Amino acid sequence: MSRVLVVEDESAIAELISINLRHAGYDVTIAGTADQAQAAVDGVLPDLVVLDWMLPGQSGLVLAKRWRTQARTRDLPIIMLTARAEEGDMISGLDAGADDYLTKPFSTNELLARIRAVLRRKAPEALDTMVDVGGLKLDPATRRVSKDERDVRIGPTEFRLLHFFMTHPERVHSRAQLLDRVWGDHVFIEERTVDVHVKRLREALDPVGCSRMIETVRGAGYRLTQQAQVLSS
């Protein structure tokens, strides 16, 4: 049974989400503030967090950013829940580390579909073998990315994106193709999401001189090439 932490200060909404998640077979914990959420995560690490943006005290955005910087919670799947519907807000949420973004009002069926999709994407790829492209190494079993023995700090979505790129090198992939192959249940996710995660992937690869391996092909999409690796050293 997957454990879901619902961080929502409006008790009616929190209870509605909780009832529907429990009915769907999830083990649910509710937190009404950032402090309560942090205490819950410190106690038992959940499998996924449904995180409200606007919370008393610290915002959900601050909480997500903090979790992404800590080793224990770096890979914690987060779905941001918010009344903020502007594209800039969505990008801010994704930049803070959210794996997905849902605006209020929302249907519980859509939330459940997104939770299933995020948990599916989190499923381990331990049976897959290590990939090496231009000296950049990715090991699905240990979820480690490295270059010349230097580890790359990388989020879970960027890890999956890089894994797909590295197992399909030198090929151009459109945003729609990447959504389909990396995100899977992409009916709920906008193509702009791909751009945000590619930007974060490049930032993660920059300290080891591999950011230019991810090329933008104007009008077509993205590809990973090891030819550019020499240029970025």
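The values are calculated or read from the model by the stated rules, or taken from the named source; none is laboratory data. Since we're looking at a predicted model, the values are computed, not measured. No Cβ is skipped: glycine too gets one built from the backbone with ideal geometry, and neighbour counts run over all protein chains shown.
Summary of computed values
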read-out	value
Residue satisfying condition, being on the phi < 0 side of the Ramachandran plot, assigned to a helix (DSSP H, G or I) and modelled with pLDDT under 90, within set ALA126, ALA176, ALA204	ALA176
Filter pass, ASP95 being outside the structural domain of THR157 (by TED's automatic domain parsing), charged (D, E, K, R) and touching a strand residue (DSSP E or B) at 6+ places or on another chain (Cβ under 6 Å)	no
Answer residue from segment 1-35, given it is farther than 15 Å from ARG114 by Cβ and hydroxyl-bearing (Ser, Thr, Tyr) and is farthest from the chain's Cα centre (by Cα) among those	SER11
Yes/no for THR193 being hydroxyl-bearing (Ser, Thr, Tyr), surrounded by 19 or more Cβ atoms within 10 Å (Cβ to Cβ) and either modelled with pLDDT of 90 or more or not assigned by TED's automatic domain parsing to the domain that holds MET80 (or both)	yes
Cross-chain or 6+ apart pairs with Cβ under 7 Å, segment 166-177 first and assigned by TED's automatic domain parsing to the domain that holds GLY219 and among the small types (Gly, Ala, Ser), then part of a loop (DSSP other than H, G, I, E, B) and loosely packed, with under 15 Cβ neighbours inside 10 Å	SER174/ALA220; ALA176/GLU191
Only listed residue being closer than 19 Å to SER11 by Cβ and of a type in the set (Asp, Glu), chosen from ASP35, ASP47	ASP35
